[in-house]
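Enquirer: Before I ask anything, here is the structure I am working with.
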């Protein structure tokens, strides 16, 4: 038998074998987006963009003032959890952005940096989204139907999930994706969320230690508490909260203070009892520092209570099974209804317009709150005789007459600040007797706008807002 070989046959066999080997080699996993992108931790000049991918890899965010983008920030390192902070942004400005991981690019979306202190803004609050995806989706759909622009952010009063599992969070982000791609979320820990704190801190990028934290937007301060860490007097969280409230009261730019925590101190629903520890230790601080509105969940309903000037809003109709049984109404009861709902808050200067909206679009409760300037109180438990400060006429064009009275002889300062909080004049800085003091302050050279007279003593602070017109 003769064997005839063709030129190149061996090479062909080798190439074919090599091709087979190449075909059999596993290909590298292609990363696809499984969550997001979604927005976190917005300020007037920065924001965090988050997303998750199915495989570890790099990522980047393209952004700009138009849909052509023009700027980008790249992620350092490789991960399935992508977190990119965009910085040096313009305040109170709309940006276009999209996230990129490998071959996967998100749809274009928009974000908005925090508003300036004099600008109006809107936010939503709701909570208890767990257990019923369809009802959760109905609440989100209703939010997206609210006329006008999207809210600047969303407060979630806790129990985002049933158990804190990765699967629960996947469902949460799937439902909220149409909203959170444009609107930052600030969540509060609920009792169900504590089942897996590691997932909570993995999926969210929040200020401070992420369990309790503060942020600001416009002329307002927001504080989120963790009722599943110690919060009684002397604890780290209590001392932090007290210091935050003092800082708010010392800042003439802050006109409203909002506080979110999961379990309500006042409820008439039989689903859960009032949290008496919160009532004993947190509520006195809310009253002392003139907090206007607070948000809770835990009880799956809407309930509005008013106690000593503080509005307690249970907004627990975010999708969890509703609690339909009520006890007797109490003197603090304003409105209550077991329904799927959320709260819309519009902030316009000193005025808050608050609405509870249920699925279907009906406004079930609403109120307007005009905040008075808050004063720095003394230490908890002390009784103070307050100083008084009056400025008139208001509005003024050429001169304002300021009068104030101190409760006892002490050192006092009286200063004038513009609408940004910058001090433009010091009128008094001396030891004064406990008698009425009067002085005139010329305003004819001041630009038209809003100003604040601030009276400070060692124990007290009073703010009088006045307007200069031309």
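Enquirer: What order do you get for 441, 451 when you list them from fewest to most C-beta neighbours inside 10 Å?
Expert: 441, 451
Enquirer: Take the alpha carbon atoms of segment 227-279, find their center, do the same for segment 111-130, and report the distance between the two centers in whole angstrom.
Expert: 20
Enquirer: Taking the alpha carbon gyration tensor of segment 121-370, what are the square roots of 5 times its eigenvalues, largest first, to the nearest whole Å?
Expert: On the way: eigenvalues 112, 85, 76 Å².
So the three semi-axes of segment 121-370 are 24, 21, 20 Å.
Enquirer: OK, next. How do the peptides 294-300, 97-103, 36-42 rank, highest first, by the average count of neighbouring beta carbon atoms within 10 Å per residue?
Expert: Details: 294-300: 28.4, 97-103: 20.3, 36-42: 23.1.
So the peptides 294-300, 97-103, 36-42, ranked by packing, come out 294-300, 36-42, 97-103.
Enquirer: Evaluate the relative contact order of the chain (contact order divided by residue number), counting alpha-carbon pairs under 8 angstrom at least 6 apart; express in whole percent.
Expert: Details: 1142 pairs, mean separation 52.6, N = 470.
Taking the mean separation of contacting Cα pairs over the length of the chain, I get 11 percent.
Enquirer: Additional query: Taking the Cα centre of each part, how many Å lie between segment 32-106 and segment 291-370?
Expert: 34
Enquirer: At q = 0.11, 0.13, 0.16, 0.21 Å⁻¹, what base-10 log of I(q)/I(0) does the Debye formula yield for segment 221-352 when every alpha carbon is treated as an equal point scatterer in vacuo?
Expert: -0.39, -0.54, -0.82, -1.29
Enquirer: On to the next question. If you restrict to DSSP beta bridges whose two residues both lie in the chain, what percentage is antiparallel, to the nearest 5? Numbers along the way, then the final one.
Expert: Numbers: 97 of 117 bridges.
Antiparallel: roughly 85 percent of the beta bridges in the chain.
Enquirer: Do me a favour and compute the ellipsoid semi-axes for segment 147-205 from its Cα gyration tensor, root of five times each eigenvalue, largest one first, whole Å. Walk me through the intermediate numbers first.
Expert: Details: eigenvalues 93, 28, 18 Å².
Equivalent-ellipsoid dimensions as semi-axes: 22, 12, 9 Å.
Enquirer: Follow-up. In whole Å, what are the extents of the chain along the principal axes defined by its C-alpha atoms, from largest to smallest?
Expert: Extents along the principal axes, in whole Å: 129, 58, 43.
Enquirer: Taking Cα atoms, how many degrees apart are the long axis of helix 133-144 and the longest axis of the chain, rounded to 10 and kept between 0 and 90?
Expert: With both axes taken from Cα atoms, the answer is about 60 degrees.
Enquirer: What is the Å³ per residue value for the convex hull set by the Cα atoms of segment 388-468? Mind dumping the intermediate values first?
Expert: Values: hull volume 6.2 nm³, N = 81.
Dividing the Cα hull volume of segment 388-468 by its residue count gives 76 Å³.
Enquirer: What does the highest-first list of 247-253, 159-165 look like by mean Cβ count within 10 Å? All intermediate terms of the calculation are to be shown ahead of the outcome.
Expert: Numbers: 247-253: 19.0, 159-165: 21.7.
The densest-packed peptide leads the list: 159-165, 247-253.
Enquirer: Taking neighbour Cβ counts within 10 Å as the exposure measure, how do 228, 95 sort from fewest upward? Before the final figure, lay out the partial values.
Expert: On the way: 228 16, 95 19.
Exposure proxy ranking, most exposed first: 228, 95.
Enquirer: Compute the Kirkwood hydrodynamic radius of segment 33-112, taking the inverse of the mean of 1/r over all pairs of distinct Cα atoms, and give it in Å to one decimal. Working shown, then result.
Expert: Numbers: mean 1/r = 0.0802 Å⁻¹.
Across segment 33-112, the inverse of the average 1/r is 12.5 Å.
Enquirer: Moving on to the next point. If each residue's Cβ is checked for other Cβ atoms within 10 Å, how do 217, 128, 365 rank with the fewest at the top? Could you put the intermediate results ahead of the total?
Expert: Values: 217 24, 128 31, 365 19.
Neighbour counts put them in this order, fewest first: 365, 217, 128.
Enquirer: Rounded to the nearest 500, what is the 222 nm mean residue ellipticity of the chain from helices alone, with -39500 (n - 2.57) per DSSP H run of 4+ residues and division by all residues? Write out the running numbers ahead of the final one.
Expert: Numbers: 7 runs with 76 residues, N = 470.
Calculated mean residue ellipticity at 222 nm is -5000 deg cm²/dmol.
Throughout, read-outs are computed from the coordinates displayed, never taken from laboratory work. A quick note: this is a predicted structure, and the numbers were derived from the prediction, not measured. All Cβ positions, even for glycine, are placed from backbone atoms using ideal geometry, and neighbour counts span all protein chains on display.
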